[in-house]
1. Identify, by number, the condition in (1) among the polar types (S, T, N, Q); (2) surrounded by 21 or more Cβ atoms within 10 Å (Cβ to Cβ); (3) not assigned by TED's automatic domain parsing to the domain that holds A:PHE238 that A:GLN97 doesn't meet.
2. Which residues, taken from segment B:53-67, are open to solvent by 30 Å² or more (accessible area, probe 1.4 Å) and more than 11 Å from every other protein chain (Cβ to nearest Cβ)?
3. Taking segment A:242-255 as the search range and keeping residues that are touching a residue at least 60 places away in the same chain (Cβ under 8 Å) and assigned to a loop (DSSP other than H, G, I, E, B), which one is farthest from A:PHE379 (Cα to Cα)?
4. So, of the residues in segment A:154-207 that are among the acidic types (Asp, Glu) and surrounded by fewer than 19 Cβ atoms within 10 Å (Cβ to Cβ), which turns out to be nearest to A:ILE268 (Cα to Cα)?
5. Cβ contacts < 6 Å: first residue under 25 Å from B:THR417 (Cα atoms), restricted to segment B:30-45; second residue of a type in the set (A, V, I, L, M, F, W, C), any location; separation 6+ or different chain. Result?
6. Output the residues belonging to segment B:424-448 that are in a helix (DSSP H, G or I), more than 35 Å from the chain's Cα centre (by Cα) and charged (D, E, K, R).
7. All but one of (1) under 26 Å from A:SER214 (Cβ atoms); (2) buried (at least 18 other Cβ atoms within 10 Å of the Cβ) hold for A:LYS27; state the number of the condition that does not hold.
8. Of all residues in segment A:244-272 being open to solvent by 60 Å² or more (accessible area, probe 1.4 Å) and among the polar types (S, T, N, Q), which is farthest from the other protein chains (Cβ to nearest Cβ)?
Amino acid sequence: MRVVCDRGALLDAVNVVSSVAASRTPKPQLTCVKLSASRDGDAGELTLSATDGEIGLRLRTARVDVQDVGEALVPADKLKQIVAAEDHEPTLTLEAQDRTLHVKGVDASYTLLGYDPGDLPRVPDRSDFGAEGLRTRFDFPSDMLGDMIGMTLFATARETTRYAINGVLMRRRGKTLEMVATDGRRLALARGTVPGAGKDDADVSCIVPTKALSLLQRLVDSEDESVTVAVGDHKALFALGGGEDGAPRAVLSTTLVDGQFPPYEEAIPSDQTVKATFEKDLLHSAVRRAALLTNEESKGVRLAFRGEHRQLELSSHAPEMGEARVNVELKGYDGADVEIGFNPGFITDALRVMHDAEVTMELKDGRHAGLIRSSGNGFLYVVMPVTI
Amino acid sequence: MGIIPTSQENSRTPSAEAQQLWAKILDTVRADHPTIVRLWFEDLWPQDLDSGSLRVRCNDEFQRDHMERQCGKAFNEAARLASGRLVHVQFLGPNGRAGPSTPPRSARQLAINPDNTFENFVMGPGNRLAHAAAQAVAEEPGKRYNPLFIHGDVGLGKTHLLQAICIRIMSQHPDWVIEYVSCDEFTSQFMEAVQAGRMSDFRHEFRQVDMLVIDDVHFLAKRDRTQEEFFHTFNALYQTNRQIVLSSDAPPEDIPDLEDRLVSRFKWGLVTAVEAPDYETRIAIVQTKARLRGIVLGEGVAEHVAACIDSNIRELEGAITNLQIRAAVDGRPVDLALARETIAAPQREDAQASATMQAVLDAAIAFYGVKLSDLQAKKKTRSIARPRQVVMYLARKHTRHSLEEIGGYLGGRDHTTVMHGAGKVAELITSDPSFAAEIERLEARIAGDARG
């Protein structure tokens, strides 16, 4: 194999693909990235792929000059460090010989010891979309998917607990795609419309691991294109770009999280009696300021609604530190006065991902969960109160 | 109580976390929703807490279905309050299986209340024959009395007997297909099938069952086409010795506009009546119902309730619910004093409860200058909420309407809201003389109305 690569394009690709590779594993091949150079007529392309055994990624770049086709399998983090360090080079030359890879710049050359390229478990490709067991398939605009991931991913559990499942529920029913994440203390739901889907298309629901979704988010963020999603019993595939005839730019495959996602619809309160409307930015700023005087022991901010005066007073109090009071004007208020405590981080997390200028908060009383939604219908957020 | 049945001993012991959470949830439900609590809740067994779901095992499918349908919301709410997390409670059957998430059959089938067993049926002179016949049918379905036709006024135990038969048969023949529907459901399914051109599906469904149980069959009156279809269903089942059980508010010959051939078929088996319970039976009923809910009745309470309410069992049950709510709200035991305050003897009620709901509403609307639509709306501003509570109080005191009915007049509020509202006003009357005078003026107005 001999390939001359645009260094910038190579770095982008190596950065993403190397984050798939496992960091600690008894099988060293899983810490590697595989380079495959191919040529079709005059057009050459380099495919980078890696897998940790559960998630697999295959990424193509055409900004290369393939002089000899071939393959190499080398440790991902070393390759990444080398490509990143050669920052004055416009191009790098990659040459594979047996189990080694030579990376050559103008004034430097590296020899990386690798493995037999055949030792990497197969990383799924476009051809796998036709495979049996992948029952459902649909296309979705990638910018919308990126948005929906952003609206939910933050709400997944950081560590494994009995109170939540480690992944994001992805559920398509007819024309609607829903993504739901919860860590047991809050729940985020994003909703989008699947273009071209019919009411009779088969419903599908699966739990995608957080790692796969954060990778997907990095992949979709870069370009505006379509994502093809295929879901089976135990795995899901995402193909970005390409369409029916062209080969996709990237294919991400992941095993799905086993288990049952808690019935989230039932967690969305339906009998809230208080409804407050805010300018999102005002509320966001107020919560951040009130949170300044919270600490590990007193993580809560108290929200006291005074409907008659259309005022919300946020207050916090940290022992041996002091207290804060911030007033926010409400755009609208309906219901009895209520006081409730929230973890301020949970509120700002949600406000950060909402696009609309206006948000509503619906409450029942100080004991029951609060509901935050955007003026559009695409985002719902349920958050449990804390005792203050 | 709380003893694990032997069949469950082999199962994984629940985590301490799951057990603690379940205990807290039960306490929360007892405090927040006292009326749904049943004694057998003690026998439910928390299995594990995982992925945000607390799985709780029930002792049979009826309990599971009942918990899912009737108590799911209360338990989920309690789980959240008890844990501070978004925890969901999932109820499993005895084999550890969850109920079907979208039940294709049971969705339109009537819910069977696990309380409605033969063991919990109180027998008295008015229902002895019906009870014996129902038991015979449950022991030997299709052989003894076919069809079994039970008739009587509302709230006298027809549905209890029907469900007791279903529960007994399902425990003895778990593989049997039992179609238990209301007459309305039969009719509307029939109409749907006709419109969708799927009559063969409909026929297959109703004619292939092992037992057909239809509640309130008198609703067949005047529905000629449904009667025709029912006639054929009846024949198909009868000829293959499948048990048919029917209930109605009147004996077959008194159901208006029922075809003669159906009347005669209904009489082929056994036609039996349930009649209003006598005083002793009512006492036993009150005691049984209270025991099922885990309420300890003070001395004389059952006798007082049975003496005050002589109409039907549903009202007895309503009285027990009222007692339970009052006891929970005030934090008092269910003793005779509480029973006397909550449930008035009928004579007293006659003297006082003579006003109509309209008179109460009219008086309040004129006095406070509010609109009826405001009283019925969800608004909670004080200027509306107070008049609304006054209406609750006055309606409680001066009309015969139940808490539920009063709530219905006020935009569908539930009985606890009405109870709370009326209580609030009663409290204010004792603490605020000017408010008491206000109420007196209103009462005078209502009394004036009642006299014409």
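1. For A:GLN97, the exception is condition (2).
2. B:ASN59, B:ASP60, B:GLU61, B:ASP65
3. A:ALA247
4. Result: A:ASP203.
5. B:ARG30/B:VAL37; B:HIS33/B:ALA74; B:PRO34/B:ALA328; B:ILE36/B:CYS71; B:ILE36/B:ALA74; B:ARG38/B:LEU292
6. B:GLU438, B:GLU440, B:ARG441, B:ARG445
7. (2)
8. Among residues in segment A:244-272 that are open to solvent by 60 Å² or more (accessible area, probe 1.4 Å) and among the polar types (S, T, N, Q), the one farthest from the other protein chains (Cβ to nearest Cβ) is A:SER270.
The values are calculated or read from the model by the stated rules, or taken from the named source; none is laboratory data. The structure presented is a predicted model; accordingly, all values stated were derived computationally and were not measured. With ideal geometry, Cβ positions are generated from the backbone for all residues, glycine too; neighbour counts draw on all protein chains shown. Accessible surface is based on the protein model in full, side chains and every heavy atom, while ligands, DNA and RNA are left aside. Shrake-Rupley method; radii C 1.70, N 1.55, O 1.52, S 1.80 Å.
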